[in-house]
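Please read the structure below before turning to the comments.
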Protein chains: 2
Amino acid sequence: MKVIENITDMRKARKIMPGSVGFVPTMGYLHEGHISLVKRAKDENLTVVVSIFVNPTQFGPKEDFKSYPRDIKRDLAMLEPFTDIVFMPSDKEIYPEKYDTWVEVKGITDYLEGAVRPGHFRGVTTVVNKLFNIVEPTKSYFGQKDAQQVAVIKKMVADLNMNTEVVVCPTMREKDGLAMSSRNTYLNPEQRQGAVVLYRALMLAKELFAKGERDSGVMRREMTELIEKEPLGNIDYISIADAGTLKEIHRIKTLALVSMAVKFGKTRLIDNIMLE
Amino acid sequence: MKVIENITDMRKARKIMPGSVGFVPTMGYLHEGHISLVKRAKDENLTVVVSIFVNPTQFGPKEDFKSYPRDIKRDLAMLEPFTDIVFMPSDKEIYPEKYDTWVEVKGITDYLEGAVRPGHFRGVTTVVNKLFNIVEPTKSYFGQKDAQQVAVIKKMVADLNMNTEVVVCPTMREKDGLAMSSRNTYLNPEQRQGAVVLYRALMLAKELFAKGERDSGVMRREMTELIEKEPLGNIDYISIADAGTLKEIHRIKTLALVSMAVKFGKTRLIDNIMLE
């Protein structure tokens, strides 16, 4: 496994890669969710490239960019068995002085995370666009946990005719159902215990749907009641949306994305499930 | 020479091109300016791709998208001797329903053409980004006549780490000095005769500069006086700007871009010169 810190060297390395290249962009502080993507990339490609870059432009001014957890040594040890190249550029390498170009997906970024975190997805699409141009992956791997991010990146790739296939992998969960996330590390033991309520609320939605419930108002009310029983959690939003447009729907017809953001102290957790 | 009308076929053709690919994106209605780019592309590459696409998103609602001159038959005949592939997609092929992704260069697009034509450069960078992703050119060729466009595209390519080299070619001129442009065809004989005033004003700036004049105010005033002697021309702007930032400057130090837009009836002509 080779660690590369600048774009020129990454390009050079890319030029001599034979066959398909699988790419997993990450912000580091890896967990089993990331590793599942890397393993999948290794199964499906001759060469695996993982990037570690905590992207400043996708954090709002009041968000946790500075405190975002970092542990490069541990990350590299976790990647070693499955990875050929770790691309680990500095902030200045990605955003040099006078950097001024932005890639923006409109429409589906108006809802959910996009509504609560203005500018977030512009930062995501811009950095992913750059990384795709630098790494030129045959396939790139993203986790379903960030459902809207996946939809936004797929839309960018399709709209801009980018030459990579976006592969979406299932959300990895802790034993009690909590979706794996680097931000789980912020939780104190009580919050960690309470955080399982996101998963429970999703399972409730699934159960209601299986019993024939199609009214999103009823579903949202029951989920809200369940989460409000957890005293440490504060609901940011609970959404039942069209899986294509991400607009809220009143009645579920074919495919719906049930997603939510819940805060535990300053820590904001997200999770989702597809109903079909 | 092969004419390709859809993205899938263009991609297929691209995959089997050996060696370097030179690309000239155009809006058609070609003149010797375009052909000079195509010839340069042929000199420097194994394969030459020219696109013809009148890009709707770079025209403002009150601009000349619908009336923009088109003559495909003539274009193809002009390209034949120097071109391997003409990529000629439909509007729907480039902007399918629900298209929603935009590439935007900030900063340098605030001035000159960007100030007068809001949204123009967002349309240009978006379509050029898409075309670069579809054609994957080794080198792409643009004319210096659209000086700000060249600066904006270079900035996009650098900022987004795109894998193409932008080659800028000199402005081609009619015998009397008028910069070649597809829009010259809009001019009636009197306007066409008067239009040479743009070139004369640029030559005046060059002369003043050669004589030691460095005050942009003086220069602009003399150029304005000259153009105002031409009764059919209406000045849109005359700019003396830093060639890097495109911000107006008071005194010329190293490199300056002298540019202007002048209207003849409804026809808006632009031209520029570099002073160094």
**Study point:** 5 Å binning of all Cα-Cα separations within the stretch A:106-218, expressed as whole percents from 0 upward
**Key:** 2, 9, 15, 16, 18, 17, 12, 8, 3, 0
Exercise for review: Provide the solvent-accessible area of A:Ile249, counting protein heavy atoms only and rolling a 1.4 Å probe, rounded to the nearest 10 Å².
Suggested key: 40 Å²
**Study point:** Residue among A:Gly114, A:Leu198, A:Pro69 farthest towards the positive dipole end of chain A, charges placed on Cβ
**Key:** A:Pro69
Check your understanding: How many percent of DSSP beta bridges within the protein assembly as shown run antiparallel, rounded to 5?
Key -> 55 percent
Review point. How far apart are the A:Ala210 label points across copies, placing each 7 Å from Cα toward Cβ, in nm, shortest first?
Key: 8.6
Practice item. In a Gaussian network model over chain B where Cα atoms closer than 10 Å are linked, find which of B:Met156, B:Met203, B:Met172 has the largest mean-square fluctuation. Key: B:Met203
Check your understanding: Excluding ligands and nucleic acids, what accessible area in Å² is computed for A:Ile52 using a 1.4 Å probe, to the nearest 10?
Key -> 10 Å²
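Rounded to two decimals, what is Rg over Rh for the stretch A:182-271 when you use alpha-carbon atoms and the Kirkwood radius?
Working: Rg = 13.4 Å, Rh = 13.5 Å.
Reported Rg/Rh (Cα atoms, Kirkwood Rh): 0.99.
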Check your understanding: In the stretch B:182-271, carbon and sulfur make up what percent of the accessible area (probe 1.4 Å)?
Key -> 49 percent
Practice item. Please report, in debye to the nearest 20, how large the charge dipole of the protein assembly as shown is about its Cα centre when each Lys and Arg carries +1 at its beta carbon and each Asp and Glu carries -1 there. Key: 220 debye
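For the protein assembly as shown, what is the mean residue ellipticity at 222 nm derived from helices alone (per DSSP H run of n ≥ 4: -39500 (n - 2.57); sum divided by total residues; nearest 500 deg cm²/dmol)? Walk me through the intermediate numbers first.
Details: 20 runs with 202 residues, N = 552.
The per-residue figure over the protein assembly as shown is -11000 deg cm²/dmol.
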Practice item. Net charge near A:Tyr199: determine it from the other residues with C-beta under 10 Å of the C-beta of A:Tyr199, scoring Lys and Arg +1 and Asp and Glu -1. Key: -1
Point to revise | List B:Asp75, A:Asp91, ordered by accessible area with a 1.4 Å probe, largest first | key: A:Asp91, B:Asp75
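Determine the relative contact order of the stretch B:140-218: mean sequence separation of Cα pairs under 8 Å and six or more apart, normalised by residue count, in whole percent. Don't skip to the answer; put the middle values down first.
On the way: 50 pairs, mean separation 19.0, N = 79.
For the stretch B:140-218, the relative contact order is 24 percent.
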**Study point:** Accessible-area ranking of B:Lys66, A:Lys154, B:Lys139, B:Lys98, largest first, probe 1.4 Å
**Key:** B:Lys66, B:Lys98, A:Lys154, B:Lys139
Check your understanding: Once the Cα gyration tensor of the protein assembly as shown is diagonalised, what are the square roots of 5 times its eigenvalues, in whole Å and ordered largest first, as equivalent ellipsoid semi-axes?
Key -> 50, 25, 24
Point to revise | Taking chain A and dividing mean pair separation by its residue count, relative contact order in percent (alpha carbons under 8 Å, at least six apart) | key: 17 percent
Point to revise | Leading residue at positive end of dipole, the stretch B:2-169 (Cβ point charges), from B:Gln58, B:Val103, B:Ala147 | key: B:Val103
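For A:Asp91 and A:Asn6 in the same chain, what is the full-extension length gain: residue separation times 0.36 nm, less their Cα-Cα distance, in nm? Write down the numbers at each step before the final one.
Details: separation 85, 0.36 × 85 = 30.60 nm, distance 1.06 nm.
Contour length minus Cα-Cα distance gives 29.5 nm.
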**Study point:** Cα point-scatterer Debye curve for the stretch B:18-77, base-10 log of I(q)/I(0) at q = 0.13, 0.21, 0.28 Å⁻¹
**Key:** -0.41, -0.85, -1.14
Point to revise | Residue closest to axis [chain A; rotation mapping onto B; Cβ; Å] | key: A:Val103, 3
Exercise for review: Give me a single rounded figure for B:130-142: the average over its residues of other chain Cβ atoms within 10 Å of their Cβ.
Suggested key: 2
Exercise for review: Taking chain A as the reference, fit the longest principal axis to its C-alpha atoms, fit the long axis of helix A:197-210 to the helix C-alpha atoms, and give the angle between the two in degrees, 0 to 90, nearest 10.
Suggested key: 70 degrees
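Please work out the FRET efficiency for the pair A:Lys73 and A:Asp43, using the Cβ-Cβ distance as r and a Förster radius of 30 Å; give the result to the nearest 0.05. Intermediate results must be reported in sequence, preceding the final value.
Details: r = 26 Å, r/R0 = 0.87.
Efficiency, from the Cβ-Cβ distance: 0.70.
Within the set A:Lys130/B:Lys247; A:Lys154/B:Lys263; B:Lys42/B:Lys175; A:Lys155/B:Lys62; A:Lys12/B:Lys92, which residue pairs have Cα atoms separated by over 32 Å?
Working: A:Lys130/B:Lys247 27 Å; A:Lys154/B:Lys263 43 Å; B:Lys42/B:Lys175 25 Å; A:Lys155/B:Lys62 30 Å; A:Lys12/B:Lys92 37 Å.
Pairs exceeding 32 Å: A:Lys154/B:Lys263; A:Lys12/B:Lys92.
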Check your understanding: Using every alpha carbon pair in chain A, what percent of pairs falls into each 5 Å bin from 0 up to the bin containing the largest distance?
Key -> 1, 5, 12, 16, 18, 17, 13, 9, 5, 2, 1, 0
Revision key, fill the gap. With Cα springs under 10 Å, the Gaussian network model of chain A assigns the largest mean-square fluctuation among A:Ala158, A:Ala243, A:Ala195 to A:Ala158
Revision key, fill the gap. Partner shielding of B:238-244, as the mean number of partner chain Cβ atoms within 10 Å, equals 0
Point to revise | Pseudo-label separations to other copies for A:His31 - Cα-to-Cβ vector, 7 Å, nm | key: 6.2
**Study point:** Ellipsoid equivalent to the stretch B:1-159 - semi-axes via the Cα gyration tensor, in Å
**Key:** 24, 17, 17
Check your understanding: Rg to Rh ratio, the stretch A:78-156, alpha-carbon atoms and Kirkwood radius?
Key -> 0.99
Exercise for review: Answer with one residue from A:Met260, A:Met180, B:Val135: the one whose Cα lies farthest towards the positive end of the charge dipole of the protein assembly as shown, charges on Cβ with Lys, Arg +1 and Asp, Glu -1.
Suggested key: B:Val135
Review point. Taking the C-alpha atoms of the stretch A:3-43, how large are the radius of gyration and the largest Cα-Cα span, Dmax, in Å?
Key: 12.0, 30
Check your understanding: For a label point 7 angstrom out from the Cα of B:Glu248 toward its Cβ, which stretches of the stretch B:222-236 have the backbone nitrogen within less than 19 Å?
Key -> B:222-228, B:234-236
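The values are calculated or read from the model by the stated rules, or taken from the named source; none is laboratory data. Every value quoted in this text rests on a predicted model; they were computed, and no experiment measured them. When we count neighbours, we look across all protein chains shown, and the Cβ atoms used for this are built from the backbone with ideal geometry, even at glycine. We work out accessible area using only protein heavy atoms, side chains counted, and drop any ligands, DNA or RNA first. Shrake-Rupley method; radii C 1.70, N 1.55, O 1.52, S 1.80 Å.
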